[in-house]
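Undergrad: Before I ask anything, let me first share the structure, which is written out below as structure tokens.
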Amino acid sequence: MCRFVYVVFLLIMTAVSSFAADENSWTPRRGQDVLTQLRVAMSADSSDYYSPKLHAWYSTPLPNLPTAAEVIDLYPNPVGYGTGMDDNPLFNGVLLVALVELYDLSRCDSIRREAFDIYTGLKLCAVAHGIPGFIARGVSIEDGKSIYITSSRDQYTHYVDGLWQYYHSPMCDEPTRAEIRTQLSRLADTMKREITPENDYAYLRADGSKDPRGLHKMWHVYPHEAARLPMIYAAAWDVTGNNEYYDLYRKYLIPSLDQSITLKTRPQAEVNTWVPPYSFLQMQCSLALLYRLEKDSLVKAKILEAMSIAKSMAEQKFDWAAKFGLRHLSELLLAATIMEDLPVTDAQRTQIDAMFISKNLKKGEPPTTLHQFALYAKACRARIIPSPKSYPQADWTPAPDESLRGIPAKVQSTVRRTAPVRHDLDLVVFIADCHVGSGSQTDSAQVQQARKNLDNFNKTCEMILAMKPLPKTVIILGDLAFAHGQQNDYLAAKHMLTQLQSAGIDWRICPGNADSRDHLLTVFPRLKDFATCVPNRFAQIVKTPRTDFILLDTHNDGTKSGSLDEVQRQWLKNEIARYRQSGRRFFVVSHHPAKELDLVPLLQEIPSCCGCISAHEHRWSMEKKGTLSLISLHSTTYPTGGKATRHGYTFLKMDAWEYIFRPVTFDQDDVWERQSRCIRFTKE
């Protein structure tokens with residue numbers, strides 16, 4: 001009996017000891033060992049992924065990065081997705097903040113050199129290309145200046161966060177602070193100039209064109225993105241004292257907080273789609289900067305409310321992220337531990353403890369290792385892990401290069417923009433199913449609808465005229481007239497179409513079932529110049545630098561169905577044969593869908609045929625038939641219900657290897673506007 005009691009006692013004491021060991025597992029020695037293992041992993045990564053020349057971390061081994069010629073050619077896409085050149089400011093920004101935090105905790109002087117190195121890599125993303133106020137996603141290691149022309153809010157967020165926190169660190173000397181003041185001022189000036197309604201509240205790409213994906217959109221965005229714009233103005237004001245930046249910061253602050261807080265009300269499906277783990281972190285970065293600068297206690301409480309919502313939602317994804325990768329989990333944990341005023345939870349402690357077991361600290365790749373390193377710093381700051389007493393030096397960090405001080409005073413690049421061009425030759429706008437009426441209809445309901453359609457048509461044209469840069473081409477996909485192609489209907493539309501023409505915008509039309517060729521020619525005699533390819537038809541070819549558009553006339557008198565007469569069909573076959581031989585890309589454009597016209601079998605085996613663009617159904621969609629894309633456009637003036645619930649216009653932005661269609665509505669806050677569709681090309 002005594003032996004039994006003794007055994008039970010030992011078991012209980014062992015359990016208690018184990019529990020106590022788990023609760024106190026973060027001894028100073030273990031914390032230092034984890035830091036050492038992270039530094040070893042980063043050293044192993046550096047030989048493949050770190051460029052001493054550009055002081056930057058890449059997500060692909062350096063030998064696999066694109067050549068400078070490929071970057072200039074925007075291959076394989078204008079963002080640099082999949083190339084390893086798409087996250088340099090993100091990596092360097094996250095790492096620089098971690099270094100600032102570790103220096104604050106340890107005062108290890110060896111961190112200074114590494115922090116300046118990482119800062120230099122951030123700076124080069126802003127200055128190497130010579131475009132003031134543009135932050136590239138990465139710089140070519142071959143020539144040290146070539147960039148992909150599209151960036152993103154994500155990169156800007158970590159760029160600003162890194163610079164701002166480094167600016168306030170005792171590691172940062174006065175010459176570097178002067179550089180940061182200049183960089184943040186240039187960025188704020190760019191935002192002030194370009195975040196406008198005509199630019200869809202987005203800054204322009206590096207070549208001065210509009211970003212078709214929505215990656216540059218800074219206002220009228222999702223809740224988790226709303227604080228990014230005031231964050232930029234706040235940081236610029238804080239380091240410069242410029243009251244103009246302060247006024248802009250205050251202008252956007254409260255609306256951005258109101259919107260940020262609505263994240264908790266958004267449908268779960270929307271959150272899952274549009275708020276990946278890294279977005280929670282970036283939301284917290286922007287809010288944390290605002291929180292630290294805010295003096296008003298009520299506003300400060302509102303910021304903390306938004307941050308608490310983001311923290312709670314991030315924690316709900318811990319178990320999901322643990323199954324799909326340590327980077328995702330690190331990003332969520334960083335969002336949860338972003339600031340001391342957010343309480344540490346048991347869930348955080350459990351996940352952080354599991355994150356830093358030995359098997360999770362082996363050499364991985366920078367996207368994971370750098371975020372683990374940043375999490376280590378945050379956990380030390382939150383007192384979950386004991387602060388380090390020493391800092392293992394990095395053998396990859398080059399000595400500070402004083403020649404890199406100073407920012408180019410003027411644009412030096414010969415292949416990038418200094419100002420937006422007036423017309424974008426590779427931008428085409430489509431308007432469809434306008435059904436414009438003069439208000440002379442006999443039925444009162446029709447009169448009301450006709451007037452509404454005319455108002456929406458005029459509003460659409462005004463939006464197009466406000467675009468910066470302007471499109472060179474607008475194509476109307478039929479049914480411009482209300483119902484029966486009355487001459488008065490076209491006269492009602494003439495004012496705005498004349499304004500497009502006066503602005504240098506070439507507009508064309510593919511007649512639909514509601515149109516009249518005779519009345520079109522009477523009101524718009526210039527169309528006679530484009531109706532010569534096929535007798536009595538508006539069949540024509542519109543040429544742009546990258547692609548041609550074959551416009552078909554599918555109007556069939558007296559019916560809603562469309563058709564191609566044999567003469568026009570034969571003309572189309574002849575043109576297709578020429579394109580097959582030349583290999584030049586082309587679209588076929590018509591009011592009626594390609595399926596209805598029996599064009600799919602004719603076109604789907606033509607390699608240079610990009611797709612068929614049609615209207616008639618009043619709904620936006622894109623589907624594939626083999627390699628052929630079938631694009632259906634929504635009505636410009638009114639939806640018809642069912643699947644057709646929105647109206648507006650569509651634009652197509654063509655880059656060398658990627659064409660993007662983007663629907664636009666009259667509601668800037670309509671999340672549906674982000675549903676762009678892409679056609680990609682390869683060199684093969």
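Undergrad: Mind ordering 367-377, 612-622 by average Cβ neighbours within 10 Å, highest first?
TA: Values: 367-377: 25.3, 612-622: 23.1.
The packing order, highest mean first, is 367-377, 612-622.
Undergrad: Among 303, 641, 126, which residue has its Cα positioned farthest towards the positive end of the charge dipole of the chain, with +1 placed on the Cβ of Lys and Arg, -1 on the Cβ of Asp and Glu, and the dipole taken about the Cα centre?
TA: 126
Undergrad: In the chain, with Lys and Arg counted as +1 and Asp and Glu as -1 at Cβ, which of these residues, 322, 259, 35, has the Cα nearest the positive end of the dipole, that is, farthest along it?
TA: Towards the positive end, the residue furthest out is 35.
Undergrad: Shifting gears a bit: Could you report the range 575-637's accessible area per residue, 1.4 Å probe, as an integer in Å²?
TA: On the way: 2430 Å² over 63 residues.
Accessible surface, normalised per residue, equals 39 Å².
Undergrad: What list of ³J(HN,Hα) values in whole Hz, one per residue of the range 457-462 in order, does the Karplus curve 6.51 cos²θ - 1.76 cosθ + 1.60 (θ = phi - 60°) give from phi, with Gly and Pro shown as x?
TA: 5, 4, 5, 4, 5, 5
Undergrad: How big is the antiparallel share of DSSP beta bridges in the chain, given as a percent to the nearest 5? Walk me through the numbers on the way to the answer.
TA: Details: 28 of 51 bridges.
If I count the DSSP bridges inside the chain, around 55 percent turn out antiparallel.
Undergrad: Just for the range 537-593, what percent of DSSP beta bridges are antiparallel, to the closest 5?
TA: 50
Undergrad: With a sphere of radius 15 Å drawn around the Cβ of residue 672, what net charge do the other residues whose Cβ falls strictly inside it have (Lys, Arg +1; Asp, Glu -1)? Kindly include the intermediate steps, with their values, before the conclusion.
TA: Numbers: positive: 213, 217, 266, 619, 643, 646, 662, 674, 677; negative: 200, 270, 667, 669, 670, 673.
Overall, the nearby charge balance is +3.
Undergrad: Taking R0 as 56 Å, what's the FRET efficiency between residue 33 and residue 546 from their Cβ-Cβ distance, rounded to 0.05?
TA: Details: r = 56 Å, r/R0 = 1.00.
According to the calculation, E is roughly 0.50.
Undergrad: If you don't mind, there's one more thing I want to ask. Any idea what the relative contact order of the range 485-641 is, in percent, if you count C-alpha pairs under 8 Å spaced at least 6 apart?
TA: Working: 256 pairs, mean separation 25.4, N = 157.
Averaging sequence separation for qualifying contacts and normalising by length gives 16 percent for the range 485-641.
Undergrad: Counting pairs of alpha carbon atoms under 8 Å apart in space and at least six apart in sequence, what relative contact order in percent does the range 112-181 give?
TA: Details: 51 pairs, mean separation 16.5, N = 70.
For the range 112-181, the relative contact order is 24 percent.
Undergrad: Now, a different point. Given Cα pairs under 8 Å that are at least 6 residues apart, what percent is the relative contact order of the chain? Present the calculation step by step, with values, prior to reporting the outcome.
TA: Numbers: 1273 pairs, mean separation 87.1, N = 684.
Dividing the mean separation by the residue count of the chain yields 13 percent.
Undergrad: Residues in the range 640-672 near a label at residue 466, defined as backbone nitrogen under 18 Å from the 7 Å Cα→Cβ point?
TA: 647-651, 663-671
Undergrad: So what's the back-of-envelope 222 nm ellipticity for the chain, counting only DSSP H runs of four-plus at -39500 (n - 2.57) apiece and dividing by all residues, rounded to 500? If you can, show how the numbers build up before the last one.
TA: Details: 21 runs with 307 residues, N = 684.
For the chain, the value works out to -14500 deg cm²/dmol.
Undergrad: Related question: For the range 337-354, take each phi angle, set θ = phi - 60°, evaluate the Karplus expression 6.51 cos²θ - 1.76 cosθ + 1.60, and give the result in whole Hz per residue in order, putting x for glycine and proline.
TA: 10, 4, 8, 4, 6, 9, x, 7, 10, 4, 4, 4, 4, 4, 5, 5, 4, 6
Undergrad: How far, in degrees from 0 to 90, does helix 2-23 lean away from the longest principal axis of the Cα atoms of the chain, to the nearest 10?
TA: Once rounded, the angle reads 50 degrees.
Undergrad: Given the Cα-Cα distance of residue 623 and residue 312 and 0.36 nm per residue of separation, how much length would full extension add, in nm?
TA: Numbers: separation 311, 0.36 × 311 = 111.96 nm, distance 3.79 nm.
Extending this stretch completely gives an extra 108.2 nm.
Undergrad: Give the span of the range 104-262's Cα atoms along each principal axis, as three whole-Å numbers ordered largest to smallest.
TA: In descending order, the Cα extents are 47, 38, 27 Å.
Undergrad: For residue 640 and residue 484 in the same chain, what is the full-extension length gain: residue separation times 0.36 nm, less their Cα-Cα distance, in nm? It would help to have the intermediate numbers written out before the result.
TA: On the way: separation 156, 0.36 × 156 = 56.16 nm, distance 1.83 nm.
Between residue 640 and residue 484, full extension yields 54.3 nm more.
Undergrad: For the range 577-629, what log10 I(q)/I(0) values come out of the Debye formula at q = 0.27 1/Å, with one point per alpha carbon and no solvent?
TA: The calculated log intensity ratios at q = 0.27 Å⁻¹ are -1.12.
Undergrad: State, to one decimal in nm, how far the label point of residue 295 lies from the label point of residue 567, with both points 7 Å from Cα in the Cβ direction.
TA: Taking the simple label geometry, residue 295 and residue 567 are separated by 7.9 nm.
Undergrad: Can you give me the Cα centroid spacing of the range 506-521 and the range 525-576 in angstrom?
TA: Here the two parts' Cα centres lie 11 Å apart.
Undergrad: Write down the percent of antiparallel bridges among all DSSP beta bridges whose residues are both part of the range 469-552, to the nearest 5. Please report the intermediate quantities before stating the final value.
TA: Details: 4 of 8 bridges.
Bridges in the range 469-552 are about 50 percent antiparallel.
Undergrad: Mind giving me the FRET efficiency for residue 142 and residue 580? R0 is 45 Å, r the Cβ-Cβ distance, nearest 0.05 is fine. Write down the numbers at each step before the final one.
TA: Numbers: r = 36 Å, r/R0 = 0.81.
Efficiency at R0 = 45 Å is approximately 0.80.
Undergrad: To the nearest 0.05, how large is the calculated FRET efficiency for residue 557 and residue 678 if R₀ is 30 Å and r is the Cβ-Cβ distance?
TA: Working: r = 38 Å, r/R0 = 1.26.
It comes out at approximately 0.20.
Undergrad: Now, a different point. Could I have the simple spin-label model distance between residue 108 and residue 446, label points 7 Å from Cα toward Cβ, reported in nm to one decimal?
TA: 8.1
Undergrad: Hey, how many Å between the Cα centroid of the range 143-193 and the Cα centroid of the range 90-132?
TA: 11
Undergrad: What is the extension gain from residue 501 to residue 81, computed as 0.36 nm multiplied by their sequence separation minus the C-alpha to C-alpha distance, in nm to one decimal? Please list the in-between numbers first.
TA: Values: separation 420, 0.36 × 420 = 151.20 nm, distance 3.70 nm.
Taking 0.36 nm per residue and subtracting the Cα distance, the gain is 147.5 nm.
Undergrad: Quick one: Karplus J couplings for the range 627-638, per residue in order, coefficients 6.51, -1.76, 1.60, θ = phi - 60°, nearest Hz, x for Gly and Pro?
TA: Couplings: 8, 8, 8, 10, 10, 10, 9, 6, 5, 6, 10, 7 Hz.
The values are calculated or read from the model by the stated rules, or taken from the named source; none is laboratory data. Since we're looking at a predicted model, the values are computed, not measured. So basically every Cβ, Gly included, is an ideal-geometry build from the backbone, and we count neighbours across all protein chains shown. We work out accessible area using only protein heavy atoms, side chains counted, and drop any ligands, DNA or RNA first. Shrake-Rupley method; radii C 1.70, N 1.55, O 1.52, S 1.80 Å.
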